Amino acid sequence: MTRSEMVEQLKNEYRRRRAQAEREQDARVAEVESVDPQVHALWQKQARLLSDAVRAMAARTPDAQEKATRMREEGRQILREIRERTVRAGFPEDYMQMRYRCPKCRDKGVVESGFCECFRRELNERMGSAYRALDSFESFREDFVPDVPVEGAQCTQRQALCGARDYLLRYCAKYPDVDKRVLVLYGEAGLGKTFLLNCVVRRLAEQGVDVMNVTAYKMLDAMRNKYLGEDGAEFDRMLSCAFLAVDDLGVEPMMRNITAESLFMLLNERMNARLCTIFATNLTPAQLKERYGERIASRLFDRENGAFLRFVGKDLRAQNG
């Protein structure tokens, strides 16, 4: 489920909560009125006064303000009498008031500045839950990685992978105040790229970031649908989400006029908007350049705006089962 879908789902949940709170309030009002029927008449009188006050202000007559003020004072007196009768009937003074989970937004989920803090907090929790099936930094096992030198590298495989993990941990901790807007995890299959990509997605989702996680095949499907005019919503979402993760870049088919062109648009639009993207690929920089062309390679490996983590060593899946 995407973030926008979660937002709509939560909005509906807030509407259901408010409707339930209103039903419960109606039941409490009916309970008080069953003991003191005069309370019902007072509620009706108070409602009429409010309506009359609004009409008086709308009329804009010379004495409109005075009439409205007088009616509001009378309304306050009625409310005081209702509270007094409520107590005499054996109920707490505030028994008939709406009971909101969040008094700040009155369970609407929004305030003047946008989403209420309660709404944002619950949305973040739901987003985090949606990604909890993914790998996590906490489940990283150093002992699964051989601590042996790698030919052509100045470190062991464990040192390389732990270094990549530590970099990504720092990146997540600093987000969104990061300099590098494109991350490329590259190296042969089975070296931990997808694992760490998933760790990043999960950590950022738990921090409340608008994350989208796709495979290269799913990315291409979205590109194709957009190109053919069938349904561009998924690709538009890729263009606009705060953080996009693309796994297995390079395995998707090269469709004429679609793959390279749409990938360039995706990279270019997101970089111009200063949105962050992470890719995992089995291809080397040279192979990516050959496959997608100079324009895309230059954006993937832009040293000013990007970071490139090379994964080295032997297939961990083959060694650990």
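The values are calculated or read from the model by the stated rules, or taken from the named source; none is laboratory data. These numbers were taken from a predicted model, which means no experiment stands behind them. Cβ coordinates were reconstructed from backbone atoms using ideal geometry, including for glycine residues, and neighbour counts include every protein chain displayed.
Just a few scattered comments:
- Lone qualifier among Met71, Met98 - being farther than 30 Å from Asn213 by Cβ, among the hydrophobic types (A, V, I, L, M, F, W, C), out of contact with any Ser or Thr (no Cβ under 8 Å at 6 or more places or on another chain) and assigned to a helix (DSSP H, G or I): Met71
- Restricting the first member to segment 62-77 and to residues that are closer than 18 Å to Trp43 by Cα, and the second to residues that are at pLDDT 75 or above, the beta-carbon pairs closer than 6 Å and six or more apart or on different chains are Met71/Leu49; Glu74/Leu49; Gly75/Gln46; Gly75/Leu49.
- Verdict on Met6 being in contact (Cβ under 8 Å) with a residue 60 or more places away in the chain, of a type in the set (A, V, I, L, M) and loosely packed, with under 15 Cβ neighbours inside 10 Å: no
- Segment 35-94, subset of a type in the set (S, T, N, Q) and closer than 20 Å to Gln25 by Cα, residue surrounded by the most Cβ atoms within 10 Å (Cβ to Cβ): Thr86
- Candidates Arg303, Arg295, filtered to the one that is part of a loop (DSSP other than H, G, I, E, B), surrounded by fewer than 16 Cβ atoms within 10 Å (Cβ to Cβ) and in the same structural domain as Leu197 (by TED's automatic domain parsing): Arg303
- Filter result (under 30 Å from Arg141 (Cβ atoms) and out of contact with any strand residue (DSSP E or B) (no Cβ under 6 Å at 6 or more places or on another chain)) within segment 265-300: Asn282, Leu283, Thr284, Pro285, Gln287, Leu288
- Residue check, Leu185 touching a Phe, Trp or Tyr at 6+ places or on another chain (Cβ under 9 Å), outside any loop (DSSP other than H, G, I, E, B), aliphatic (A, V, I, L, M) and closer than 25 Å to Ser136 by Cα: yes
- Members of segment 1-35 that are more than 30 Å from Arg85 (Cβ to Cβ) and either modelled with pLDDT of 90 or more or of a type outside the set (A, V, I, L, M) (or both): Thr2, Arg3, Ser4, Glu5, Glu8, Gln9, Lys11, Asn12, Glu13, Tyr14, Arg15, Arg16
- For segment 141-188, the tally of residues that are out of contact with any helix residue (DSSP H, G or I) (no Cβ under 8 Å at 6 or more places or on another chain), among the aliphatic types (A, V, I, L, M) and surrounded by fewer than 18 Cβ atoms within 10 Å (Cβ to Cβ) stands at 1.
- Candidate set: segment 258-283, residues that are touching a Phe, Trp or Tyr at 6+ places or on another chain (Cβ under 7 Å) and among the polar types (S, T, N, Q); chosen: the one modelled with the lowest pLDDT: Ser262
Yes/no per residue for (1) crowded, with 21+ Cβ neighbours inside 10 Å; (2) in contact (Cβ under 8 Å) with a residue 40 or more places away in the chain:
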position: Lys226; (1), (2): no, no
position: Asp231; (1), (2): no, no
position: Met238; (1), (2): yes, no
position: Glu252; (1), (2): no, no
position: Asn257; (1), (2): no, no
position: Glu261; (1), (2): no, no
position: Thr281; (1), (2): yes, yes
position: Ala286; (1), (2): no, no
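- Selection of segment 197-206 for residues being in contact with a helix residue (DSSP H, G or I) (Cβ under 7 Å, 6 or more places away or on another chain) and either among the hydrophobic types (A, V, I, L, M, F, W, C) or surrounded by fewer than 20 Cβ atoms within 10 Å (Cβ to Cβ) (or both) yields Cys199, Val200, Leu204, Ala205, Glu206.
- Evaluation of Glu230 against the conditions (1) under 18 Å from the mean Cα position of the chain (by Cα); (2) over 16 Å from Tyr171 (Cβ atoms); (3) acidic (Asp, Glu) shows that the sole unmet condition is (1).
- Segment 242-255, subset part of a loop (DSSP other than H, G, I, E, B) and more than 15 Å from Lys226 (Cβ to Cβ), residue nearest to the chain's Cα centre (by Cα): Ala242
- Any hit, segment 215-224, residues being within 19 Å of the chain's Cα centre (by Cα) and among the aliphatic types (A, V, I, L, M): no
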